[in-house]
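For reference, the structure discussed in these notes is given below.
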Amino acid sequence: MPEANLTDRQRKWFATIRAGLERDTGKSMDEWVAIARACPETGHRARLKWLKDHHGLLQNRASQVLSEAFGSSLAWSEPGKSIEALWTDPAARAIFAAIDVAARQPGEVIQTARKGYTAWSRKVQFAAARPVKGGKAMLGLAVAPDASARLEAPKSESWSERLKARVLIADAAEVDAEIEALLRAAWEKAG
């Protein structure tokens, strides 16, 4: 997993998961990798379930073992490819590009790709965006929903619980001075 794509906090979190795995199970990562490679399942979710059902490993530890055994997910190991795969609609891609420029303005920003969204972090995540049908994008921000009349509280978003507000963006031109200011405010809180 490329270290450049992780915040210091994420690096520490992954190290803690790894250290706790050996400490709590008595098996090294290499031993867990061998177990994972013997799994009869081929899909990621099925392998996670198998490790839980047969070996008692929960989501985070099982995910790290599978990452070691079968390579990192595309999102962590090749974020550029993951972003290309996620933002395929040209209109949504234009919105993403405008958000990305605005999110990086303050500096000290780490962009990370996830399966269903792209995130921007400083010490912690301050913004995330995901494509929406019809060439739109949903932008989540680490600000209160009352920071702007354009914002609403999130409903069933998979990104960080720190993102307390969201806004549907239908056109790249909507990434205006107000959105830039909201991104800046969210960035400041993440420092």
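The values are calculated or read from the model by the stated rules, or taken from the named source; none is laboratory data. These numbers come from a predicted model, not from an experiment. For neighbour counting, all protein chains shown are included, and Cβ atoms are generated from backbone atoms with ideal geometry for every residue, glycine included. Accessible surface is based on the protein model in full, side chains and every heavy atom, while ligands, DNA and RNA are left aside. Shrake-Rupley method; radii C 1.70, N 1.55, O 1.52, S 1.80 Å.
If ARG122, ARG37 are ordered by their accessible area, calculated over protein heavy atoms with a 1.4 Å probe, which sequence runs from highest to lowest?
In descending accessible area the options line up as ARG37, ARG122.
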Sequence ranges 97-103, 16-22, ranked by mean other-Cβ count within 10 angstrom, highest first: 97-103, 16-22
Determine the shape class of region 90-191: with a ≥ b ≥ c the square roots of the Cα gyration tensor eigenvalues, call it rounded for a/c under 1.5, and otherwise prolate if a/b is greater than b/c, oblate otherwise. rounded
Using alpha-carbon coordinates, inclination of helix 177-189 to the longest axis of the chain, degrees: 40 degrees
Report in % the part of the accessible area of region 94-190 that belongs to carbon and sulfur, leaving out ligands and nucleic acids; probe 1.4 Å. 52 percent
Taking every pair of Cα atoms in the chain, average 1/r, invert it to obtain the Kirkwood radius, and report Rg/Rh to two decimals. 1.03
Considering only protein heavy atoms and a probe of 1.4 Å, how much of the accessible area of region 8-63 is carbon and sulfur, as a whole percent? 49 percent
Environment charge of PHE70, counting only residues whose C-beta is closer than 10 Å and scoring Lys/Arg +1, Asp/Glu -1: +1
Summing +1 for each Lys or Arg and -1 for each Asp or Glu, what net charge is found among the other residues whose Cβ lies under 15 Å from the Cβ of LEU48? +4
Which one of PRO145, LEU66, LEU21 is farthest out on the positive end of the charge dipole of the chain, using unit charges on Cβ (Lys, Arg +1; Asp, Glu -1) and the Cα centre as origin? LEU21
Using the heavy atoms of the protein chains and a 1.4 angstrom probe, tell me the accessible area per residue for the chain in square angstrom. 53 Å²
Checking rank on 152-159, 168-175, 124-131, 183-190, with mean other Cβ inside 10 Å and highest first, the result is 124-131, 183-190, 168-175, 152-159
Using alpha-carbon coordinates, inclination of helix 8-25 to the longest axis of the chain, degrees: 20 degrees
Let's see if you can work this out: charge +1 on each Lys and Arg Cβ, -1 on each Asp and Glu Cβ, no other charges. What is the dipole magnitude of region 70-191 about its Cα centre, in debye to the nearest 20? 380 debye
